[in-house]
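Since the structure comes first, as structure tokens, the remarks are kept for the end.
The values are calculated or read from the model by the stated rules, or taken from the named source; none is laboratory data. Quick caveat: nothing in here was measured; it's all calculated off a predicted structure. Cβ sites come from the backbone with ideal geometry, for glycine too, and all protein chains shown count toward neighbours. Remember, those area values only see protein heavy atoms, side chains included, never the ligands or the DNA or RNA. Shrake-Rupley method; radii C 1.70, N 1.55, O 1.52, S 1.80 Å.
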Amino acid sequence: MILLVDYIKAIRAPLDNMNFLLAPFCIYLIIFVVSAISGGFLDIARLVTIFLPPVGVVLMGISLVIMVILGIVSIILTLIVDGYLLSTFQNILDKRKLVKFGMSEILGYVIRAIKGGLISFAYALPGLILITIAMLVVFGGTIFGLLSGGNSQQITQTFLANIIVTGIIAIPLIMLAVLFFLIAGYFLPAAISIWLKEDRAFEAFNFGRILKNVFKLDYLLSLVVAVAVSMILGLLVLLVTGIIVMLISLFFPSFAGAISSFTSSLMSFVVAIILYSMLAQVIE
């Protein structure tokens with residue numbers, strides 16, 4: 001089979017269009033600052049609690065309120081950048097010139113991000129249902145064992161027996177759920193691509209068209225290349241920031257977490273651009 005995808009060109013896509021990375025970088029940087037402030041305040045409150053418990057308790061309460069408020073801000077900013085990412089995908093898939101981030105399009109970005117989230121959730125739903133059923137089976141067996149009558153030895157025996165039985169039932173459900181998640185993860189890029197190409201959300205569930213694309217060798221190789229690039233970038237980021245993050249985490253774990261979140265988010269954005277630059281050459 002002749003491969004039609006220019007993988008080198010796709011990998012270079014983020015470097016050839018650095019301008020459209022500026023807005024995501026700035027938004028992720030704001031999210032980083034917000035997370036660092038809220039998490040850092042909590043870290044300080046914990047330290048104060050050790051030496052001045054009454055003051056520390058008050059600071060903990062204040063920090064939790066700050067975390068909720070700033071958490072909402074982070075969610076909104078994440079929706080904006082995710083929507084911009086989807087808009088960028090659409091331009092790539094339609095082979096149009098990439099557009100810069102537009103302040104007037106913020107509401108549209110948020111709506112598009114919500115649509116994308118709902119589509120992703122719909123694809124993950126079968127696996128989530130199976131996981132929920134497995135948890136209910138195990139949880140129900142555990143409760144039954146604890147509530148069963150008899151002395152402590154009988155309760156323990158019943159509890160262990162129920163755990164074994166429910167575990168035997170739950171394991172196949174969990175394995176089936178993992179299979180559904182893998183299938184969903186494989187199909188989802190094609191579903192998102194078709195939705196964006198047609199600009200109709202229901203096209204993400206056009207399984208006839210999806211199946212026509214996902215069994216192409218180029219589609220499989222595009223996902224493999226994207227995973228490989230993600231692993232390489234992840235290793236490079238770890239080598240560059242790993243020691244710094246580890247040292248900071250000893251004193252301010254929340255701040256270290258914010259750094260990790262910033263780098264991983266920006267890296268994911270770049271990998272996504274590479275993936276959809278490849279899919280633009282595959283999806284029909």
Suppose all protein chains stay in the model; what accessible area per residue would a 1.4 Å probe give for the stretch 200-249, in Å²? 63 Å²
Excluding I106 itself, what net charge comes from residues whose Cβ is under 13 Å from its Cβ, given Lys and Arg +1 and Asp and Glu -1? -1
Less than 24 Å apart at the alpha-carbon level, and either on another chain or at least 8 residues along: which lysines does that give for K9? K95, K97, K100, K197, K216
Under-5 Å amide H pairs with V5, H placed in peptide plane, nonlocal only: none
So between I171 and F202, what do we pick up on full extension, going 0.36 nm a residue minus the alpha carbon distance? 7.8 nm
